[in-house]
Amino acid sequence: MKSNTFSKYILLSASLLTAAGCNSPKALTKKADAEFFSKGEYAKAADMYKDVLKTGKGNNGYLNGQIGEALRMTNRQDSAAPFYKAAIDAGYKPDSVAFAYAEALKSAGQWDAAAEQFNAYAASGTDPKRVKRAKKEVENIAAAKAIPGKFTHFEVSNAAALNTTAADFSPVFHGTELYFTSGRNGVRYTGDNTELLDLWQFKFDDADPTIGTASALPKNLNPDGVHNASATITKDGKTMVFARSGNGTRKSFQETDLYISRFKDGKWSDAEALTAVNSPSAWDACPSFSPDGKSLYFASNRPGGQGGIDIYRAQQDQNGRWSKVTNMGEPINTTGDDMFPSISDDGKLYFSSDGHPGLGNLDLMVAARDKDTKKVTVENLGVPINSSADDFGITFKNAVEGYFSSNRAGGKGQDDIYYFKNTKDELKVVKFNLHGITKEREDDGTVKILSGTKVKLVDEKGTTVSEVESDAEGKFEFPLAMQKNYTLLAEKPQFYTKREAYTTFGKQPNNEDLHQKETTIDLEHTLTLDKIHLEKTIVMDNIYYDYNKADIKDTAAMELDKLVTLMNDNPKIHIELSSHTDSRGKDEYNMNLSQRRAQSAVDYIVSKGIDVSRITAKGYGKTKPIIENAMTEEDFQKNRRTEFKVVKMGE
């Protein structure tokens, strides 16, 4: 797996290099190793190894083995088998070469020969992990023989308007636009001389799935000197995560991490490393949001996985922080490479794997959980979605059509993007009825029915679709459409307006489980409102400051945005926003520092359109600590907090 660059799907450009005749075969071999192969310039290394072979004076076993490895690392594994065999025949028998030979035979479609070689390795190999995988590969090859004969309803065509002679892959839909990765700029990466990858978007013309215009994303998402690829965007269009490589220097050559950017004020922010998810010593890439944006799936070769590359999932907590990174485990992950995850709107996990039964290299798979047994099964998507080449990076425009990536023969370039359509069934319609109930939370934490609450259903554009008032039992009802994101707004005098996101993505059954042209599904949801108490202090999460500083951090800005929303939703409230320091420092200085901090927060909120007359900044210094006699940095930080309280209800 070529994880030391951005992904294994970057084909290196082969520039021929003729060795100088005055150099000895041994010297030329060392030069090929040190100056090219070790730096990832495998095509140049292979050319030099071949030049040494022509002299008839080199180490034939080693040279053929290195050529095989160079072909494997440049994604031409199907051409590597003869070189691995020549290496073995010449007495060059590292354990890895015997296994790589079996893999190359499989990639070349020589399944019987591959099975024989895997069997031989399973009997004599010295690496326990490879032995385990060899045994599994024998099973996979037996199962894979049935895949070409499996009938599917897919129609596939090259999306020619999207593709160039460079690498074009990892399409993902956002709204009516398709985002993808491309090396079409022609600039070279310092690390291994491959084409640098950038993030692009494609605008369709007249809703035609094959015609449109491509343009690169802004420079702050595509900085010079690094690969940027495989973007994923939340349904609301506010957050993007993608993978970025190191800059090609020896220190950062193997770095590939996930980066996050947010859409603010009509543009994407500068990307920051997603440190809560990244593993410092691993290759982390191929991100994909779940339909609700609360889970992030990605691929990583971090320690502790099932195989070479595994699929992981990170979850977002209620404060918007990413945590709980977990391996998806079996049967998703295998002893091979499992990557490029994508979650469809009906909750199925699509991904690419060379560890499940397949036709050659990476094949596209779908994993689904049985609603009765809860058992997860993995199925190969079959032909023509899959081929003997690499097939990966699938995205859906709707339930029956979408795009994926492949380096199969007949394309315009290295990796191309292909359009597919499933013609099996007419798409069945699902309608939803949301049965809601409004409640209020008592001071002791208990809840009770809250009648007479105005509830609005708002669409993604901010338009009120419907408005009702809950009845004496707190009940209300809305009809909802399939695959839509909404916001529920509940309003009642003397209560904070309740705003909650609600989606029908992922709530419809599988199309094959629907037996009628139109199906109505009942959903339930509870909205719990909190009463407004004057002078009741509310601590704001994540509004912390560095010692002796009053600057607003990015995490603080996200939390203050929530307060902006609360004030917009409750236009009659007037608040005091207060700031507190820890106990270190002089009283007068701390009082001034806390006032500056409170004013910084207020200035930020006012900059977002809140009337300055509705909010007052107040610094309390160290006079009101949460933790008396704080000793640790954690306790000090809890004391240097920001709070707010409602001081007046306006007209």
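The values are calculated or read from the model by the stated rules, or taken from the named source; none is laboratory data. As the structure is a computational prediction, the values presented were derived from the model and not from experiment. No Cβ is skipped: glycine too gets one built from the backbone with ideal geometry, and neighbour counts run over all protein chains shown. In case anyone asks, the SASA skips ligands and DNA or RNA and just uses the protein heavy atoms, side chains included. Shrake-Rupley method; radii C 1.70, N 1.55, O 1.52, S 1.80 Å.
Couple of notes before you dig in:
- Restricting attention to region 74-106, the residues that are of a type outside the set (Ser, Thr, Tyr) and either farther than 29 Å from residue 146 by Cα or surrounded by fewer than 19 Cβ atoms within 10 Å (Cβ to Cβ) (or both) add up to 12.
- Within region 107-120, considering residues that are at pLDDT below 90 and either of a type in the set (Ser, Thr, Tyr) or in contact with an Asp or Glu (Cβ under 7 Å, 6 or more places away or on another chain) (or both), the one most open to solvent (accessible area, probe 1.4 Å): 108
- Breaking point among (1) charged (D, E, K, R); (2) farther than 30 Å from residue 454 by Cα; (3) at pLDDT below 85, for residue 586: (3)
- Top-ranked residue of region 420-453 - restricted to ones that are open to solvent by less than 50 Å² (accessible area, probe 1.4 Å) and under 30 Å from residue 168 (Cα atoms), ranked as modelled with the lowest pLDDT: 422
- Qualifying residue in region 324-344 (condition: under 27 Å from residue 484 (Cα atoms) and at pLDDT below 90): no
- Some residue of region 175-182 being at pLDDT below 85, open to solvent by less than 20 Å² (accessible area, probe 1.4 Å) and aromatic (Phe, Trp, Tyr): no
- Matching residues, region 289-326, being open to solvent by less than 10 Å² (accessible area, probe 1.4 Å) and either polar (S, T, N, Q) or in contact (Cβ under 8 Å) with a residue 60 or more places away in the chain (or both): 296, 300, 309
- Scanning region 568-580 for residues that are surrounded by 15 or more Cβ atoms within 10 Å (Cβ to Cβ) and either over 20 Å from residue 635 (Cα atoms) or not polar (S, T, N, Q) (or both) returns 569, 570, 573, 574, 575, 576, 577, 580.
- Filter result (among the polar types (S, T, N, Q) and assigned to a strand (DSSP E or B)) within region 288-299: 288, 295
- In region 579-605, the residues that are among the charged types (D, E, K, R) and closer than 12 Å to residue 550 by Cβ: 596, 597, 603
- Considering region 327-419, the qualifying strands (runs of 3 or more DSSP E), each wholly inside and each with 1 or more residues that are open to solvent by 40 Å² or more (accessible area, probe 1.4 Å) and closer than 17 Å to residue 172 by Cβ, run over 391-396.
- Boolean, residue 445 is part of a loop (DSSP other than H, G, I, E, B), under 20 Å from residue 567 (Cα atoms) and without any contact (Cβ under 8 Å) to a residue 12 or more places away in the chain: no
- The residue pairs whose first member lies in region 125-146 and is charged (D, E, K, R), whose second member is assigned to a helix (DSSP H, G or I) and surrounded by fewer than 18 Cβ atoms within 10 Å (Cβ to Cβ), and whose beta carbons are closer than 6 Å, counting only pairs six or more residues apart or on different chains, are 127/95.
- Top-ranked residue in region 581-640 [being outside any loop (DSSP other than H, G, I, E, B) and among the β-branched types (Val, Ile, Thr); ranked as surrounded by the fewest Cβ atoms within 10 Å (Cβ to Cβ)]: 612
- Within region 454-533, strands (runs of 3 or more DSSP E) holding 1 or more residues that are open to solvent by less than 40 Å² (accessible area, probe 1.4 Å) and polar (S, T, N, Q): 464-469, 485-491, 498-503, 518-530
- All positions within region 565-580 that are within 29 Å of residue 501 (Cβ to Cβ) and assigned to a loop (DSSP other than H, G, I, E, B): 570, 571, 572
- Enumeration of residues in region 561-580 that are β-branched (Val, Ile, Thr) and touching a residue at least 60 places away in the same chain (Cβ under 8 Å): 565, 573, 575
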